[in-house]
Amino acid sequence: MNEEIIKIEKLSKLYENGDLSVKALDNISLSVTQGEFIAIMGASGSGKSTLMNILGCLDRPTEGYYYLEGIDVGEKTDDELSEIRNRKIGFVFQSFNLIPRTSALQNVELPMIYGKVKASERTGMALSLLEQVGLTDRAHHMPNELSGGQKQRVAIARALANCPQIILADEPTGNLDSHSSEEIMEIFARLNRKEGNTVIIVTHERDVAEFTDRIITFKDGSVIKDENLKGVS
Amino acid sequence: MLLTENIKLALSSIKMNKMRSFLTMLGIIIGISSVIAITSIGASAEAVVSKEFQSFGMNNMYVYLNWEAVRDQPIQYADLILPEDIEALQARFPDDILYVAPSISASSETKVGRVRGKLGMTGVAADYNKFYHMEMIHGRMINQSDLDGKRDRIVIDEAASGYFFNKSDSVGETFTVTLNGESRDLTVVGVFRKEASLFDQLNTGESYTTYIPYSLLQTVDDSTSYLELYINGDKDQTQLGGEIVRYLARIKDKVPEFYRFESAEVQMDMINSVLGTLSIAIGAIAAISLVVGGIGIMNIMLVSVTERTREIGIRKSLGARTKDILTQFLIESMILAAIGGMIGTLLGIGIAAIGMGIAGVALIIDPMMILLAVGFSAVVGMFFGLYPARKAARLDPIEALRYE
Ligand SMILES: Nc1ncnc2c1ncn2[C@@H]1O[C@H](COP(=O)(O)OP(=O)(O)OP(=O)(O)O)[C@@H](O)[C@H]1O
Ligand SMILES: [Mg+2]
């Protein structure tokens, strides 16, 4: 089961604003095996979010290659990328990004609607996802009626819709207290251990990173350290 | 596919901004309601007018001396239409002219006992009642011997009978009237009943409609400048009218345009063409208000797209394709416009119903119109929603997610 699910080669991202240009990612190569649990760390502005957005097919690199399950993502059209985001990747944001005035349940159903899952099956599947994150009783609450930790759990349930292999989370605990952070990390750990999902999270906190098996550290758009916590695998 | 989802979404977003949605729809509401109101009133009016013409006599025609053609020379007795001319016309068009008589009328004050009133007296030939939807309820109509003998006879309607004589059957009673300056006693020979036409209603003058032999009204000589005809309805009236006046001109040795004609059908065609022009004008007003309404929708949809940029980013990050976002916003603008169209339709029908209610005329509503109005508003919504929807659909997911 040691399949290479993500492979990036000589990836660079350049932001150009008039005369000002920022190299957010500088010639990065990296490879992730299916079932890995990875934390990405590094100072603010080091390019972590930039990388996550590219991995999540939300953004495109200026240079280099990104292979997802062996497929060159760079050659895909915008609509094909939408389909990849819908089926293969679950993205969790620091700011939750739930759709306002839309219930937790409907938020979780959304990726299934775009994935053309039948209406009759959707609700049941969404409810069982909410159950997985322990929010069955909040299914019909609106986002503004939920706590930060609850919102993030809804967001995780939503990321799990359509059963993607890869879960990407950009600072999922960034807005949460330590107790909620722990709950969230336990969910990610369970998904990785029990369901075999490949999970990549960005964090600033060492104790959050320690839930994972591998910590990649960034500085100024480059990888400066890639440590394996669980010994040889 | 996503249709039901999109409709639900659109409805909830319209509900969320009730006031704003209503104000946005206002242009469409005003446009559609005015069109529906005016066309419904127009259709009802047209129906009334054509029914009126039908009862008044679609086959009525008038032939008259064209005074403009004779302006330069003094008018001669021989130029006028004489009894032998009428006979010649009847001989020439035996199947087409069913009734013909000089069109002459007069009115006079009268008094029966202590009851005062005014009589409008129309000169008629025999058999007039056969062509003008009159029902004789007592006695008889003016006949040929009344005409030939210039007898002092009169036929009155039931209302006049009731008013002057306090009974329905007043055959044998007499009126004293003034005709051409001399006093005459007219004997009632018949009482008729006639459904009041719109013209009769408008003519609410205190005078009662009565009929007398036309020969009674011809005092100086027996010429006339104005003929009333009832013609065969199977013929094309414009053509027949032309033939009649040309024939008349020929036997009188005159230029063809010396006599003219006018017919109910020709008049109705004219009214219909006026109504047609009116509906084109209404169409133009509707088009303008719908364009204005459409621009309102475009404006608010642009605002909505900007407000919901982040939401669009989230949807895209979850797998929404360009097409999904496009349809979401297109359906929202279409529904917005269609609801405006529906409200406009109801409002328009309401206005027309009130208007027609005041006029006392039955309202005619064409269901096709309603479908057309709502459908057309939706098309307007789609057209003006296209630009904002495309703008939304083309948003870059990461840019949209970063939008604050
Ligand atoms: N849209 C953009 N336009 C211009 N520069 C950008 C843009 N997005 C990011 N950058 C720049 O790219 C660099 C990397 O940004 P990125 O968001 O990846 O950092 P990060 O590691 O996620 O930081 P943080 O820990 O604060 O979230 C920064 O210097 C940032 O200013
Ligand atoms: Mg970041």
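Among the residues of the stretch B:151-176, write down those that are at pLDDT below 90 and either aliphatic (A, V, I, L, M) or farther than 23 Å from residue B:113 by Cα (or both).
B:159, B:160
To keep it simple, each residue is scored yes or no on (1) open to solvent by less than 70 Å² (accessible area, probe 1.4 Å); (2) free of Cβ contacts under 8 Å to residues at least 40 places away in the same chain; (3) more than 11 Å from chain A (Cβ to nearest Cβ).
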{"position": "B:8", "(1), (2), (3)": "no, yes, no"}
{"position": "B:15", "(1), (2), (3)": "no, yes, no"}
{"position": "B:19", "(1), (2), (3)": "no, yes, yes"}
{"position": "B:28", "(1), (2), (3)": "yes, no, yes"}
{"position": "B:34", "(1), (2), (3)": "yes, no, yes"}
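If the requirement is being in contact with a helix residue (DSSP H, G or I) (Cβ under 7 Å, 6 or more places away or on another chain) and under 13 Å from residue A:91 (Cα atoms), which of these qualifies: A:202, A:133?
Among A:202, A:133, only A:202 is in contact with a helix residue (DSSP H, G or I) (Cβ under 7 Å, 6 or more places away or on another chain) and under 13 Å from residue A:91 (Cα atoms).
Kindly indicate the residue of the stretch A:62-101 that is more than 14 Å from chain B (Cβ to nearest Cβ) and closer than 19 Å to residue A:160 by Cα and also least open to solvent (accessible area, probe 1.4 Å) among those meeting that condition.
A:68
Is it true that some residue in the stretch B:249-262 is over 33 Å from the mean Cα position of the chain (by Cα), of a type in the set (Ser, Thr, Tyr) and open to solvent by less than 70 Å² (accessible area, probe 1.4 Å)?
no
Quick check on this structure: which one of B:357, B:313 is open to solvent by less than 60 Å² (accessible area, probe 1.4 Å), within 16 Å of ligand 2 (Cβ to nearest atom) and assigned to a helix (DSSP H, G or I)?
The unique qualifying residue is B:313.
Please go through the stretch B:63-113 and pick out each residue that is open to solvent by less than 70 Å² (accessible area, probe 1.4 Å), in a strand (DSSP E or B) and among the aliphatic types (A, V, I, L, M).
B:63, B:65, B:81, B:97, B:100, B:101, B:106, B:112 - these are the residues of the stretch B:63-113 that are open to solvent by less than 70 Å² (accessible area, probe 1.4 Å), in a strand (DSSP E or B) and among the aliphatic types (A, V, I, L, M).
Counting only residues that are away from ligand 2 (no atom under 16 Å from the Cβ), closer than 27 Å to residue A:45 by Cα and open to solvent by 10 Å² or more (accessible area, probe 1.4 Å), how many does the stretch A:150-178 have?
4
Could you list, ordered by first residue, the pairs with Cβ atoms under 7 Å in which the first is in the stretch A:33-50 and on the phi < 0 side of the Ramachandran plot and near ligand 1 (Cβ under 6 Å from one of its atoms) and the second is assigned to a strand (DSSP E or B) and open to solvent by 30 Å² or more (accessible area, probe 1.4 Å), at least 6 apart or interchain?
A:46/A:219
Do we find that residue A:139 is at pLDDT 95 or above, open to solvent by less than 40 Å² (accessible area, probe 1.4 Å) and more than 21 Å from the chain's Cα centre (by Cα) in this structure?
The answer is yes for residue A:139.
For residue A:189, only one of the following conditions fails: (1) modelled with pLDDT under 95; (2) of a type in the set (Gly, Ala, Ser); (3) more than 16 Å from ligand 2 (Cβ to nearest atom). What is its number?
(1)
Would you check if residue A:38 is within 21 Å of residue A:165 (Cβ to Cβ) and under 19 Å from the mean Cα position of the chain (by Cα)?
Criteria met by residue A:38.
Let me confirm something: among B:376, B:329, which residue is under 30 Å from residue A:50 (Cα atoms), of a type in the set (Phe, Trp, Tyr), part of a helix (DSSP H, G or I) and in the same structural domain as residue B:8 (by TED's automatic domain parsing)?
After ruling out the rest, the residue left standing is B:329.
Pick from the stretch A:102-133 the residues that are in a helix (DSSP H, G or I) and at the interface with another protein chain (Cβ under 7 Å from one of its Cβ atoms): which of them is nearest to the chain's Cα centre (by Cα)?
A:111
Among A:217, A:203, which is away from chain B (no Cβ under 14 Å), within 16 Å of ligand 2 (Cβ to nearest atom) and over 15 Å from the mean Cα position of the chain (by Cα)?
A:217
So which of B:375, B:357, B:319 is closer than 24 Å to residue B:26 by Cα and either modelled with pLDDT under 95 or within 14 Å of chain A (Cβ to nearest Cβ) (or both)?
Selected residue: B:375, the only one of B:375, B:357, B:319 that is closer than 24 Å to residue B:26 by Cα and either modelled with pLDDT under 95 or within 14 Å of chain A (Cβ to nearest Cβ) (or both).
Would the stretch A:28-38 turn up any residue that is within 16 Å of ligand 2 (Cβ to nearest atom), over 22 Å from residue A:187 (Cβ atoms) and open to solvent by less than 10 Å² (accessible area, probe 1.4 Å)?
For the stretch A:28-38, residues within 16 Å of ligand 2 (Cβ to nearest atom), over 22 Å from residue A:187 (Cβ atoms) and open to solvent by less than 10 Å² (accessible area, probe 1.4 Å): present.
Could you please give the count of residues in the stretch B:360-398 that are among the aliphatic types (A, V, I, L, M), in contact with a Leu (Cβ under 8 Å, 6 or more places away or on another chain) and open to solvent by 80 Å² or more (accessible area, probe 1.4 Å)?
Summing the residues that are among the aliphatic types (A, V, I, L, M), in contact with a Leu (Cβ under 8 Å, 6 or more places away or on another chain) and open to solvent by 80 Å² or more (accessible area, probe 1.4 Å) in the stretch B:360-398 gives 1.
What's the number of the condition residue A:50 fails, among (1) surrounded by fewer than 17 Cβ atoms within 10 Å (Cβ to Cβ); (2) within 13 Å of ligand 2 (Cβ to nearest atom); (3) not in a loop (DSSP other than H, G, I, E, B)?
(1)
With the condition kept exactly as written, say whether any residue in the stretch A:219-232 is open to solvent by 10 Å² or more (accessible area, probe 1.4 Å), among the aliphatic types (A, V, I, L, M) and either modelled with pLDDT of 95 or more or assigned to a strand (DSSP E or B) (or both).
Within the stretch A:219-232, one or more residues are open to solvent by 10 Å² or more (accessible area, probe 1.4 Å), among the aliphatic types (A, V, I, L, M) and either modelled with pLDDT of 95 or more or assigned to a strand (DSSP E or B) (or both).
Being among the acidic types (Asp, Glu) and within 16 Å of ligand 1 (Cβ to nearest atom) is the filter here; which residues of the stretch A:57-98 pass it?
Across the stretch A:57-98, the qualifying residues are A:59, A:63.
The values are calculated or read from the model by the stated rules, or taken from the named source; none is laboratory data. Every value quoted in this text rests on a predicted model; they were computed, and no experiment measured them. We place every Cβ from the backbone using ideal geometry, glycine too, and count neighbours over all the protein chains shown. The accessibility values were calculated without ligands, DNA or RNA, using every heavy atom of the protein model including side chains. Shrake-Rupley method; radii C 1.70, N 1.55, O 1.52, S 1.80 Å.
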